[in-house]
Amino acid sequence: MKPHVICLMASSVDGRTLSSRWRPKGAAGNLFERVHDELAGDAWLVGRVTGQEFAKGKPYPASTKETFPRTSWFVRRDAGVPGVILDAHGKIAWGRADIGGDPIVVVLSETVSDAHLAGLRSEGVSYIFAGKSQIDLALTLEILNRELGVKRLLLEGGGGTNGAFLRAGLVEELSLVLCPAVDGAKGAPSVFDSAQEEADQRAPVEAMTLESSQQLEGGAMWLRYRIQNADR
């Protein structure tokens, strides 16, 4: 069983997501956090680049005498709403075990070194494995549901991660906070994105239905779309 995946993002009217670039400044305010809380997911998920922004640690030791099985490891399974970070090759040294009180759960591939696993364990960072050398997104969802009981997942970027879930047919709802601001620059981060080699891959989206629209303060709009994906 997979969780219901809601892609939650705040963007300018031209679909860009790096609010420090927007004009006028400050258009987003705390709207994203407010909607995040209102949606009340069982967990939230971001990619490695976004996850790196939360890291505070120094690199972990390059070697260890310990060996660890490539199986899930949890500090606690009932510690609150987990923040799930995709880090296939174990590049993030955390220096913390939670983000704003939400316990960190890292999604790894089996190629990650024992030294990195030792570093995660030493900091109390939980982890799961979801692929041999790359992360299988569908498997990630299944494990989160099975191991942690996640039924409602908030997918929160960046654009590359959102795009990967979208192309895999795994996004069931788009919850977009559209802010009264513009970016206007080519190549700026967007709600959904892809690597160059993925540019010709099309998402299996057959229909998008507007479920609700709500005006927020400052002229922002909260748009909720139900996404119908083709069967694969």
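The values are calculated or read from the model by the stated rules, or taken from the named source; none is laboratory data. Model, not experiment: these values are computed from the prediction. In this analysis, Cβ positions are derived from the backbone assuming ideal geometry, glycine residues included, and neighbour counts consider all displayed protein chains.
What strands (runs of 3 or more DSSP E), lying completely within the stretch 29-110, carry at least 1 residues that are within 21 Å of Glu142 (Cα to Cα) and of a type outside the set (A, V, I, L, M, F, W, C)?
Working: elements: 43-46, 83-86, 102-108.
Passing ranges, in order: 83-86, 102-108.
In the stretch 95-115, which residues are in contact with a Lys or Arg (Cβ under 9 Å, 6 or more places away or on another chain) and within 16 Å of Arg76 (Cα to Cα)?
Listed by number, the residues that qualify are Arg96, Pro103, Ile104.
If you check Gly159, Gly169, which single one turns out to be within 17 Å of Ala10 (Cα to Cα) and either in the same structural domain as Leu31 (by TED's automatic domain parsing) or surrounded by fewer than 18 Cβ atoms within 10 Å (Cβ to Cβ) (or both)? So that I can check it myself, show each step before the final result.
Working: Gly169 fails: within 17 Å of Ala10 (Cα to Cα).
Matching residue, one of Gly159, Gly169: Gly159.
Residues in the stretch 107-149 that are farther than 15 Å from Ile85 by Cβ and of a type in the set (Ser, Thr, Tyr): how many?
4
Considering only the stretch 107-116, I want to know if a residue exists there that is under 15 Å from the mean Cα position of the chain (by Cα) and surrounded by fewer than 22 Cβ atoms within 10 Å (Cβ to Cβ).
no
Return the only residue of Asp102, Asp37 being within 26 Å of Val171 (Cα to Cα) and touching a Gly at 6+ places or on another chain (Cβ under 8 Å).
Every option except Asp102 fails the conditions.
What tally of residues in the stretch 193-214 results from selecting those that are surrounded by 11 or more Cβ atoms within 10 Å (Cβ to Cβ) and out of contact with any Phe, Trp or Tyr (no Cβ under 9 Å at 6 or more places or on another chain)?
7
Read through the list (1) charged (D, E, K, R); (2) surrounded by fewer than 17 Cβ atoms within 10 Å (Cβ to Cβ); (3) in contact with a helix residue (DSSP H, G or I) (Cβ under 7 Å, 6 or more places away or on another chain), then give the number of the only condition that Lys2 fails.
Among (1) charged (D, E, K, R); (2) surrounded by fewer than 17 Cβ atoms within 10 Å (Cβ to Cβ); (3) in contact with a helix residue (DSSP H, G or I) (Cβ under 7 Å, 6 or more places away or on another chain), the lone unmet condition for Lys2 is (2).
For the stretch 35-84, which positions are without any contact (Cβ under 8 Å) to a residue 12 or more places away in the chain and not assigned by TED's automatic domain parsing to the domain that holds Ser113?
So in the stretch 35-84, the residues without any contact (Cβ under 8 Å) to a residue 12 or more places away in the chain come out as 37-38, 53, 65, 69, 78.
Within the stretch 35-84, Asp37, Glu38 meet the criteria.
So how many residues does the stretch 60-84 have that are under 28 Å from Leu39 (Cβ atoms), modelled with pLDDT of 95 or more and out of contact with any strand residue (DSSP E or B) (no Cβ under 8 Å at 6 or more places or on another chain)?
0
Determine whether Pro103 is out of contact with any Phe, Trp or Tyr (no Cβ under 8 Å at 6 or more places or on another chain) and surrounded by fewer than 17 Cβ atoms within 10 Å (Cβ to Cβ). Break it down into steps so the answer makes sense when it comes.
Details: out of contact with any Phe, Trp or Tyr (no Cβ under 8 Å at 6 or more places or on another chain): yes; surrounded by fewer than 17 Cβ atoms within 10 Å (Cβ to Cβ): no.
Spelling it out, it is not the case that Pro103 is out of contact with any Phe, Trp or Tyr (no Cβ under 8 Å at 6 or more places or on another chain) and surrounded by fewer than 17 Cβ atoms within 10 Å (Cβ to Cβ).
Looking at the structure I just gave you, is Ala10 outside any strand (DSSP E or B), closer than 19 Å to Val182 by Cα, of a type in the set (A, V, I, L, M, F, W, C) and in the same structural domain as Arg226 (by TED's automatic domain parsing)?
Against the criterion (outside any strand (DSSP E or B), closer than 19 Å to Val182 by Cα, of a type in the set (A, V, I, L, M, F, W, C) and in the same structural domain as Arg226 (by TED's automatic domain parsing)), Ala10 does not qualify.
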